[in-house]
1. Given Pro239, Pro225, Pro213, which one is touching a strand residue (DSSP E or B) at 6+ places or on another chain (Cβ under 9 Å), at pLDDT below 95 and over 17 Å from Gln279 (Cα atoms)?
2. Return the residues of segment 283-292 that are more than 22 Å from the chain's Cα centre (by Cα) and either open to solvent by 30 Å² or more (accessible area, probe 1.4 Å) or more than 24 Å from Pro221 (Cβ to Cβ) (or both); say none if nothing qualifies.
3. State whether one or more residues within segment 52-62 are open to solvent by 20 Å² or more (accessible area, probe 1.4 Å) and either within 20 Å of the chain's Cα centre (by Cα) or of a type in the set (A, V, I, L, M) (or both).
4. Within segment 7-16, does at least one residue satisfy the condition of being of a type in the set (A, V, I, L, M, F, W, C), outside any helix (DSSP H, G or I), out of contact with any Phe, Trp or Tyr (no Cβ under 9 Å at 6 or more places or on another chain) and open to solvent by 20 Å² or more (accessible area, probe 1.4 Å)?
5. Collect the residues in segment 189-213 that are within 16 Å of Thr241 (Cβ to Cβ) and open to solvent by 70 Å² or more (accessible area, probe 1.4 Å), keeping them in residue-number order.
6. Select from segment 107-166 the residues that are among the basic types (Lys, Arg) and either modelled with pLDDT of 95 or more or within 28 Å of Asn238 (Cα to Cα) (or both) and list them in ascending order.
7. Suppose we filter Gly153, Gly172 for residues that are surrounded by 22 or more Cβ atoms within 10 Å (Cβ to Cβ), farther than 24 Å from Val262 by Cα and of a type in the set (Gly, Ala, Ser); which single one remains?
8. When the residues of segment 302-323 are filtered to those that are of a type in the set (Val, Ile, Thr) and more than 18 Å from the chain's Cα centre (by Cα), which remaining residue is least open to solvent (accessible area, probe 1.4 Å)?
Amino acid sequence: MRTLLIVNPNATSTTPATRDLLAHALESRTQLTVAHTQHRGHAAELAQWAATQEMDLIVVHGGDGTVNETINGFLPVPEVDDGQAWTPRLGVIPGGSANVFARGLGIQPDPVAATNQLIDLLSLDSRGEPETGGAAGTGGAAGTGGAAGTAPGDRRIGLMLTDDRWSLFSAGVGLDADVCEAIDRSRAKGHTATPARYVRTTVREFFRAKRTPPTVTLHIPDREPVTDVHYAFVTNTNPWTYLDGRAVRTNPGTTFETDLGVFAMRSMSVVSTLLVTRQLLSTSADPKSRNLFRLDDVPSVRIEASEPIGLQIDGDFIGQRNVVDFTSVPKRLSVIAPQPGSGRHR
């Protein structure tokens, strides 16, 4: 099996020792190429190269932003997909601050434990049935990629298409986009994106946005428009994010195997916000409020804003938009991860 290991050396929790351990472990199982990202967008370039070389597996050691870049580098969007693109399988070793995508898949948050987990899952491919990677002859035609998603270590998941860009787990307009933009500015000044910094930034941006009237309208198939929305999240899985080790659950009924979750607030009242926040942090979260619009399984949603509003995708600020379309694309990506409900899924 031919593998590309993409490492973001600047990610929050990557260390030389962990990178060496991961490379050594993969070298014992695969024909390995290692590449370190050197600039923004480099992971996408490396992933595109790996796909053109018909490599069987891409393993990413970095944060959610690096994983998002990687997916958008090798996975064609439906509008340009002719069914002939080679799409490698994906493996993830957490290396960022939140690692929402990896943890949502049941991958261990500790990089060393995640490395052992990845190797164990790859080993399952060689038991019983032949491996399903491109090296086994199943190929990447018909949009199925280098992996058919049928080996024990494979998991086929849905993704979210946000306009013309893939999103792995979450996108949003308004408050969370403002927070991501502020965090990006803070990182540019050399500050680490810690949970405490996220909390402080969220509180500051909330009170700043509180003075702004609602400008957002949601359009969901077969439903009346949802108006007077201040901010909205659209998710591809649950939880929405993590605060240290605590899961924050906006749409507990949304998974990688369902359609999208929608969470939209129609109030910036401090009392309403605190009541909903308390529900989001509950271990049995099921957020409800007269000021909250929530659905856990919708095929698509269009968000329109009367004034340009910030957009974030997987924690990265993208820019401002007046209209954004979010679409569920089921079973689009093959990842090396525990199966839902299995003993390995944590």
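The values are calculated or read from the model by the stated rules, or taken from the named source; none is laboratory data. These numbers were taken from a predicted model, which means no experiment stands behind them. Cβ coordinates were reconstructed from backbone atoms using ideal geometry, including for glycine residues, and neighbour counts include every protein chain displayed. Accessible surface is based on the protein model in full, side chains and every heavy atom, while ligands, DNA and RNA are left aside. Shrake-Rupley method; radii C 1.70, N 1.55, O 1.52, S 1.80 Å.
1. Pro213
2. Those that are more than 22 Å from the chain's Cα centre (by Cα) and either open to solvent by 30 Å² or more (accessible area, probe 1.4 Å) or more than 24 Å from Pro221 (Cβ to Cβ) (or both): Ser284, Lys288, Ser289, Arg290.
3. Kept after step one, since they are open to solvent by 20 Å² or more (accessible area, probe 1.4 Å), are these residues of segment 52-62: 52-54.
Subsequent filtering for residues that are either within 20 Å of the chain's Cα centre (by Cα) or of a type in the set (A, V, I, L, M) (or both) retains none.
Looking through segment 52-62, none of the residues is open to solvent by 20 Å² or more (accessible area, probe 1.4 Å) and either within 20 Å of the chain's Cα centre (by Cα) or of a type in the set (A, V, I, L, M) (or both).
4. The answer is no; no qualifying residue exists.
5. Scanning segment 189-213 gives Arg200, Val203.
6. Arg155, Arg156, Arg165
7. Being surrounded by 22 or more Cβ atoms within 10 Å (Cβ to Cβ), farther than 24 Å from Val262 by Cα and of a type in the set (Gly, Ala, Ser) holds for just one of Gly153, Gly172, which is Gly153.
8. Selected residue: Ile303.
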